[in-house]
Amino acid sequence: MRRIPRPSGHPAPPALLTLMAVTAAALGGCAWGGGTEDTSAPAAPRGLTVQAGSSTTAHVMWNQATDDTEVTAYEVYRDAKRVKEVPGRESMVDVVGLEPSATYRFTVRARDAEGNVSEDSKQLTVTMPAATAADRKPPSRPERLKGEAEGSRAAMLSWSKSSDDNKVASYEIFQGGSKIHSVGGNQTATLVTGLRPGTDYTFTVKARDAADNFSPASSEVRVRTAPGKDSGRGTAPTGFRAGTHRADGAYYIDLAWTPPRTGGAVAEYQIQLDGRTATSLVFGGTAPTDKAEHSFYIGKKAGERHRVRIRPKLPDGTWGGYSPERTVTTG
């Protein structure tokens with residue numbers, strides 16, 4: 001059909017003006033028309049822990065990452081290869097199909113809805129237990145499960161050791177019907193954190209051997225957390241003391257404390273000096289369980305006052321409560 005041009009001096013019909021206005025509004029809503037695009041990546045996940053659950057399975061846990069909008073997924077990497085992806089509301093996963101006696105390196109990344117990916121978490125290494133030949137017999141049921149609240153946001157669980165025809169590789173902790181934690185087969189207690197104040201919880205424990213045989217669940221234990229808020233005192237070091245000494249023309253702050261009860265050794269502490277994080281202390285080899293001590297350089301001037309306190313890194317990767325703050329003076 002041949003189109004007849006409209007004289008330039010005549011206005012467009014009302015219907016055409018309406019169409020033009022709608023089109024302009026639609027174009028204005030497009031990203032290339034001035035919209036806001038999310039280009040900020042989430043923070044790297046912290047508190048990564050990795051535990052061999054059997055000779056072919058590793059349990060990987062981490063703390064929830066932060067983002068300016070929302071973390072929608074976590075990517076789990078084994079030796080730089082992505083092997084798992086879990087929803088953003090979760091913070092643990094079992095990686096299966098591993099080789100017995102092999103050593104693996106794990107990291108985790110957070111991803112938001114726009115596909116922005118965080119940097120890698122801290123890398124952790126785990127060595128899998130050796131395989132057992134044709135093992136179909138599960139470990140015995142963990143007995144005498146006990147639990148008590150540690151303040152308003154944590155609970156301490158303990159149980160008797162299970163037996164197995166080979167060896168118990170891990171204990172799996174369940175809250176209701178959901179697995180929430182895993183500890184090594186040589187550990188018969190653990191601290192469960194991230195609970196809500198004034199809330200009833202039900203826990204059970206299962207033993208697992210290197211061949212992925214699970215024991216029956218232990219009897220249930222019910223724990224009610226304390227009401228109200230606390231500062232995590234149930235997870236803080238106790239008996240904290242601080243002093244100073246002088247050596248080779250410089251002053252050092254001397255710390256001593258009793259580690260908190262966690263069911264295992266606490267290998268890492270964060271030291272806060274004058275209200276700011278000063279350093280992290282990591283014990284190499286076997287971490288102390290009854291009494292811990294540490295000294296660090298503070299300077300060469302006498303008469304300086306400093307405030308110091310510490311907090312532990314718990315087995316599930318979260319930070320425990322701070323010790324009481326102590327004040328020291330050099331010289």
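The values are calculated or read from the model by the stated rules, or taken from the named source; none is laboratory data. These numbers come from a predicted model, not from an experiment. Heads up, the Cβs are rebuilt from the backbone with ideal geometry, glycines too, and the neighbour counts pull from every protein chain shown. We work out accessible area using only protein heavy atoms, side chains counted, and drop any ligands, DNA or RNA first. Shrake-Rupley method; radii C 1.70, N 1.55, O 1.52, S 1.80 Å.
A few comments on the model shown:
- Sites matching chymotrypsin sites (Phe, Trp or Tyr not before Pro) across region 239-331 that sit in DSSP coil, with at most 16 neighbouring C-beta atoms within 10 Å: 283
- Long-range amide H partners of residue 122 with built H, under 5 Å: 48
- Label-to-label distance for residue 122 and residue 196 is 3.0 nm, based on points extended 7 Å past Cα in the beta-carbon direction.
- For the chain, the longest principal axis of the alpha carbon atoms and the long axis of helix 14-28 meet at an angle near 20°.
- The Cα atoms of region 174-331 define a convex hull whose projected area, averaged across directions, is 11.3 nm².
- The residue among 186, 255, 219 whose Cα reaches farthest toward the positive pole of the charge dipole of region 164-271, with charges on the beta-carbon of Lys, Arg, Asp and Glu, is 255.
- For the chain, lysine pairs separated by 8 or more sequence positions, or belonging to different chains, with Cα-Cα distances below 21 Å total 16.
- Considering only 115, 280, 168, and ranking their Cα positions along the charge dipole of the chain that arises from unit charges at the beta-carbon of Lys, Arg, Asp and Glu, the one farthest toward the positive end is 280.
- The length gained on full extension between residue 137 and residue 276, counted as 0.36 nm times the residue separation minus their Cα-Cα distance, comes to 44.8 nm.
- Among residues other than residue 199 with Cβ under 15 Å from its Cβ, the summed charge is +1 (Lys and Arg +1, Asp and Glu -1).
- Nearest-20 debye value, the chain charge dipole, Cβ charges on Lys, Arg, Asp, Glu: 480
- Local electrostatic count at residue 174 - Lys and Arg +1, Asp and Glu -1, tallied over other residues with Cβ under 15 Å: +1
- ³J(HN,Hα), Karplus 6.51/-1.76/1.60, whole Hz, each residue of region 113-127, x for Gly, Pro: 5, 8, x, 6, 10, 6, 6, 5, 5, 4, 8, 10, 10, 9, 10
- Accessible surface of the chain, 1.4 Å probe, proportion on carbon and sulfur as whole %: 48
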